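Read the structure below first, then the notes.
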Amino acid sequence: MKYHQLLAVFLCLAFFISCSKDNGPGTVQYSYNSTQEIGSQINLTQTLGLDPFYITLRQVDEVVSFYSFSAGSFSILQQNTLNGQSTAYPDFYTVTEERSITWGTNSEDLLFLGNYSPKGSRDFGIRTLDPDDGSFSDLPIEFNIQQAYDPLYYRQRILMTYKDEAGAYKIAVFNTETRSIISTLDYGEGVPNVLIDDEGNIGVVIGTGSSNFVYQVYDIETLILQSESSFNLDKFLPPGPLQGAVNGNTLFYSNSLAQPSPVTFGPAYFNFENDTDFVIDILSIVQQVESETESTIVLTAMRYIEEAEVFLMGYANDNFTTEIIGGVLVISKTGTLLERIEVPFAPTYFIK
């Protein structure tokens, strides 16, 4: 079965800059039907008033949330990508000297802010906020941490990765219903990458040094360890949410290429069953596209679509100074460029 029979529609959220008076700068949502080879785009800045310089994006099921910051306050704009309905919560949190916000994420109806507090310290905590009425509650996580990483939300659980005062890596599991910490997983010097696998369990890939890794799977409800296995991979995976996925017996990850390569990352995957690592030759694909377009390109985003068994890679044309022109590369698991879709912007996020 050809990939386009499986990949009927995908949505791409992207940052778009143009000098055209008609389009103006803004954030674009682009929908593409690969069966009919037809695409359409909506300027979310013009239609929803979305700040084109939003600071982060989170996705929960079909709802995407854009966080922005202006005049000392955080705002959020949420959009249902299926029916197009949107909700805005302007200035839902105003910054004070008491605490410093390090990240934000959300469930279907609540907002969660990771923060350092009080003033002058690195005490780590989480604030749960109801954007409808402004009510909130605070919970301390740990005192005087060294570093906090991006969170991962899934099914009433927030997985918060951080490095404590002694330099140990930990993952605190927060229950968004009870607003309490269920458990804190301590990995010491091991570098954890947290994910949700294709069965809805919590997976943690732990780098223990010298190319040695451990993969643990926890039940998301009970946090009981279901399985643990060791493998070898000559890569470094940065702490926090895995930039990839685990589907079946395969670990998909973002491979960082050695500098000074003009391409900084590309698709790769590791098979747990036969201990084989396959790295897509992204340099050759980029060279092929540059030859076809007669311009230099920069990769901007990546996502693996398991149903179609393809990688989607966003890119921007690096030769244009007045406007951004980019596209999407559809790459097979064997490393073949299946299709190149041109769009008048630089894709930065793919919605499944």
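The values are calculated or read from the model by the stated rules, or taken from the named source; none is laboratory data. This structure is a prediction, so every number in the text was calculated from the model and none was measured. Note that we place each Cβ from the backbone using ideal geometry, even for glycine, and neighbour counts take in every protein chain shown.
Taking the stated definitions as given, is GLN46 over 28 Å from SER135 (Cβ atoms) and touching a helix residue (DSSP H, G or I) at 6+ places or on another chain (Cβ under 6 Å)? Against the criterion (over 28 Å from SER135 (Cβ atoms) and touching a helix residue (DSSP H, G or I) at 6+ places or on another chain (Cβ under 6 Å)), GLN46 does not qualify.
Evaluated against (1) more than 20 Å from the chain's Cα centre (by Cα); (2) surrounded by 13 or more Cβ atoms within 10 Å (Cβ to Cβ); (3) not assigned by TED's automatic domain parsing to the domain that holds ARG340, THR56 falls short on exactly one condition, (1). Taking each residue of region 201-228 that is under 12 Å from LEU251 (Cβ atoms) and looking for partners that are among the charged types (D, E, K, R) with beta-carbon atoms closer than 6 Å, six or more apart or interchain, yields GLY203/ASP197. Inclusion of GLN156 among residues that are surrounded by fewer than 19 Cβ atoms within 10 Å (Cβ to Cβ) and under 25 Å from LEU57 (Cβ atoms) is warranted. Checked against the criterion of being over 23 Å from THR81 (Cβ atoms), modelled with pLDDT of 85 or more and not hydroxyl-bearing (Ser, Thr, Tyr), the candidates LEU329, LEU312, LEU338 yield just one match: LEU338. Comparison of GLU97, GLU62, GLU142 shows that the only residue that is over 25 Å from ILE181 (Cα atoms) and in contact with a Lys or Arg (Cβ under 8 Å, 6 or more places away or on another chain) is GLU97.
Here GLU307 fits the description: of a type outside the set (Lys, Arg), loosely packed, with under 14 Cβ neighbours inside 10 Å, in the same structural domain as LEU337 (by TED's automatic domain parsing) and under 19 Å from LYS333 (Cα atoms). Residues that are in a loop (DSSP other than H, G, I, E, B) and of a type outside the set (S, T, N, Q) within region 59-102 comprise ASP61, GLU62, ALA71, GLY72, LEU82, GLY84, VAL95, GLU97, GLU98, listed in sequence order.
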